[in-house]
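Q: I have a structure I would like to understand better, so I am pasting it below and will then ask my questions one at a time.
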Amino acid sequence: MTDNIKNLRTIVEKAWEDRSLLSSGETRQAVEEVIALLDNGRLRVAEPVAGSWKVNDWVKKAVILYFPIRSMETIEVGPFEFHDKIPLKKGYARLGVRVVPHAVARYGSYIAPDVVLMPSYVNIGAYVDSRSMVDTWATVGSCAQVGSGVHLSGGVGLGGVLEPVQAAPVIVEDHAFIGSRCIVVEGVRIGREAVLGANVVLTASTKILDVSGKDLKEYQGYVPERSVVIPGTLPKEFPAGSYNVPCALIIGQRKESTDRKTSLNEALRQHQVAV
């Protein structure tokens, strides 16, 4: 951590405890600088560290503090008008990002070179790494982390998280494939090269059951690397009777011998699962 980052962190932490400091020019400048560093990818809300992930909660604090120091303003884009506190991201040609109308990314989100944004939404604090695609009507919530070579299919919803500040954001690791209309929220982490079939819903409490072997394995909040996952249900007893509740089923693994570019869809088709 550089001296400048350490200084920014100190200022943000003090302002978090004493909001009156937001009237200080030094504090406001520090918060603005943190958001600028998020916007250009030099700072992240969460980052991979030694095979795990570290949440930089002070950065999330800066995002939250950014709102009260901003004023509402009208943003005009051709015939379209918006009214908000956060400006839109700009300079896509310089960044090497393909943006299809009507994709929207907020300032303070990082979009890496060679990313494709179909008509979609990327919120402040989010990170989308190189060669990933955010497909039509997909949403990358505030602070969500998306690795490189990831495909977020149509209608995917990655939940955002700002508070509690210590909570981990949704994380989708490199080369994962998230099928149509999947929902991933509450800090769930999708392991590298994992494949989620259409309509999988994962929350922090969703049971993720590996049924691909003789012995059942259970996970919560994490999909292991290269897992192929489909929606499932589990019977549960309630006072009014027995009903099925959602779960997720790991039904196999992506084959390493299959080329990444084709294995995303093929991994599902091999198990006769809808993409």
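Q: For the condition in contact with a strand residue (DSSP E or B) (Cβ under 8 Å, 6 or more places away or on another chain), closer than 18 Å to residue 134 by Cα and crowded, with 21+ Cβ neighbours inside 10 Å, what is the one hit in 185, 200?
A: From the options 185, 200, the qualifying one is 200.
Q: So, in segment 218-244, of the ones that are part of a strand (DSSP E or B) and in contact with an Asp or Glu (Cβ under 9 Å, 6 or more places away or on another chain), which residue ends up surrounded by the most Cβ atoms within 10 Å (Cβ to Cβ)?
A: 227
Q: Another question about this same structure. So the check is Cβ under 9 Å with 6+ separation or different chains; which pairs have a first residue in segment 1-26 that's farther than 10 Å from residue 62 by Cα and not assigned by TED's automatic domain parsing to the domain that holds residue 164 and a second one that's polar (S, T, N, Q) and surrounded by 10 or more Cβ atoms within 10 Å (Cβ to Cβ)?
A: Listed by first residue and then by second, the contacts come to 14/27; 21/27.
Q: Yes or no: segment 203-217 includes at least one residue that is free of Cβ contacts under 8 Å to residues at least 12 places away in the same chain and either of a type in the set (Ser, Thr, Tyr) or surrounded by 13 or more Cβ atoms within 10 Å (Cβ to Cβ) (or both).
A: The answer is no, given that none of the residues of segment 203-217 is free of Cβ contacts under 8 Å to residues at least 12 places away in the same chain and either of a type in the set (Ser, Thr, Tyr) or surrounded by 13 or more Cβ atoms within 10 Å (Cβ to Cβ) (or both).
Q: In addition: Looking at segment 36-57 only, could you name the residues that are in contact with a Ser or Thr (Cβ under 9 Å, 6 or more places away or on another chain) and within 25 Å of residue 222 (Cα to Cα)?
A: 45
Q: When residues of segment 193-220 are filtered for being of a type outside the set (S, T, N, Q) and either touching a Lys or Arg at 6+ places or on another chain (Cβ under 7 Å) or not assigned by TED's automatic domain parsing to the domain that holds residue 149 (or both), how many remain?
A: Here the count works out to 6.
Q: In addition: Right, residue 143: buried (at least 23 other Cβ atoms within 10 Å of the Cβ) and over 30 Å from residue 33 (Cβ atoms) or not?
A: Taking the combined requirement at face value, the residue does not satisfy it.
Q: Taking the conditions exactly as written (at pLDDT 95 or above, over 25 Å from residue 95 (Cα atoms), outside the structural domain of residue 167 (by TED's automatic domain parsing) and surrounded by fewer than 19 Cβ atoms within 10 Å (Cβ to Cβ)), does residue 51 satisfy them or not?
A: no
Q: Quick one: in segment 78-94, which of the residues that are more than 18 Å from residue 112 (Cβ to Cβ) and either of a type in the set (Phe, Trp, Tyr) or assigned by TED's automatic domain parsing to the domain that holds residue 38 (or both) is modelled with the highest pLDDT?
A: 82
Q: Checking residue 264 against (1) crowded, with 16+ Cβ neighbours inside 10 Å; (2) modelled with pLDDT of 95 or more; (3) closer than 17 Å to residue 176 by Cα: exactly one of these is not met. Which one?
A: (2) is the only condition that residue 264 fails.
Q: Could you go through segment 150-159 and let me know if any residue there is part of a loop (DSSP other than H, G, I, E, B), more than 25 Å from residue 75 (Cα to Cα) and aliphatic (A, V, I, L, M).
A: For segment 150-159, residues part of a loop (DSSP other than H, G, I, E, B), more than 25 Å from residue 75 (Cα to Cα) and aliphatic (A, V, I, L, M): present.
The values are calculated or read from the model by the stated rules, or taken from the named source; none is laboratory data. Please read all numbers here as calculations on a predicted model, not as lab measurements. Cβ: placed from backbone, ideal geometry, glycine included. Neighbour counts: every protein chain shown.
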